[in-house]
1. Conditions first: (1) within 11 Å of the ligand (Cβ to nearest atom); (2) in contact with a strand residue (DSSP E or B) (Cβ under 7 Å, 6 or more places away or on another chain); (3) among the aliphatic types (A, V, I, L, M). Val29 passes all but one, so which condition is the exception?
2. Filter the stretch 41-64 down to the residues that are free of Cβ contacts under 8 Å to residues at least 12 places away in the same chain and more than 8 Å from the ligand (Cβ to nearest atom) and list them by number.
3. Which members of the stretch 61-105 meet the condition of being touching a strand residue (DSSP E or B) at 6+ places or on another chain (Cβ under 8 Å) and open to solvent by less than 40 Å² (accessible area, probe 1.4 Å)?
4. Can you list the helices (runs of 4 or more DSSP H) found entirely within the stretch 82-169 that contain at least 3 residues being out of contact with any Asp or Glu (no Cβ under 6 Å at 6 or more places or on another chain) and touching a residue at least 60 places away in the same chain (Cβ under 8 Å)?
5. Inside the stretch 1-26, can you point out the residues that are outside any strand (DSSP E or B), open to solvent by less than 50 Å² (accessible area, probe 1.4 Å) and within 11 Å of the ligand (Cβ to nearest atom)?
6. Among Ala131, Ala187, which is the only one that is over 18 Å from Leu64 (Cβ atoms) and at pLDDT 95 or above?
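The values are calculated or read from the model by the stated rules, or taken from the named source; none is laboratory data. Here the structure is a predicted model, which is why all the values come from computation and not from measurement. No Cβ is skipped: glycine too gets one built from the backbone with ideal geometry, and neighbour counts run over all protein chains shown. Keep in mind that these areas ignore ligands, DNA and RNA; they rest on the heavy atoms of the full protein, side chains included. Shrake-Rupley method; radii C 1.70, N 1.55, O 1.52, S 1.80 Å.
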Amino acid sequence: MLRIHGIARSRAFRCIWAAEEAGLAYEVVPVGFGPGLKAAMAAINPNGKIPALEDGGLLLFESLAINLHIAGKAGAPLMPVGDDAARTLQWTLWAATEAEPAAMQWAYNTYIRAPELRDAAQGAAGAEALAARLAVLEAHLAAGGPWLLGQDFTIADCNLAGVLYGAWANGFDLAPCPTVKAWLDAALSRPAALAARRQREG
Ligand SMILES: N[C@@H](CCC(=O)N[C@@H](CS)C(=O)NCC(=O)O)C(=O)O
């Protein structure tokens, strides 16, 4: 049984979604935001953050690495083989290093922080950076699709759509990238995504 430490209203959402896609049994060990988070996670994740995964004797942190592990247990098509395994890593790292910093810069300064702590210029810079990344994604999906690697939904889709969930759910302007919007709508409407979203959105 996989044990996902965190709550669906955190990045643990991505791992819950991946476990649902993989069809693996899991339980959520509810560790939420607040002063107790670091202490609760101290023995599980040296970073003192959520999510973390316990799989037997294996302890893992980093939500997208956790998802690669979960997909690896399920095998293809969720975790592809051959060249598509490399493409899966490419899009997962792109999600973490290109999409997520821009999305979070926008998010912190538009809906996460209290209004008095938001910096409009930082929010605008994040939006501009995210729009530039989404233009890259738009060109990729428009040239192929319907999923990142072609015909099959893979953990690369789960990882990138999981990173972009906050922008999608909080009104980021997706009009300039209609193929990205259609891809996000489709990914986040999959039965496994809906099961994870029910835990997050209630
Ligand atoms: N890169 C990490 C980020 C983990 C992270 O920042 N988690 C947040 C919740 S979504 C957290 O634990 N924040 C509490 C803190 O930083 O004290 C991942 O993807 O797992």
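1. The failed condition is (1).
2. Ala42, Ala43, Gly56, Gly57, Leu58, Leu60
3. The answer is Ile66, Ile70.
4. The helices (runs of 4 or more DSSP H) meeting that bar are 83-94, 100-107, 155-169.
5. Residues satisfying the conditions are Ile7, Ala8, Ser10, Ala12, Phe13, Arg14, Cys15.
6. Ala131
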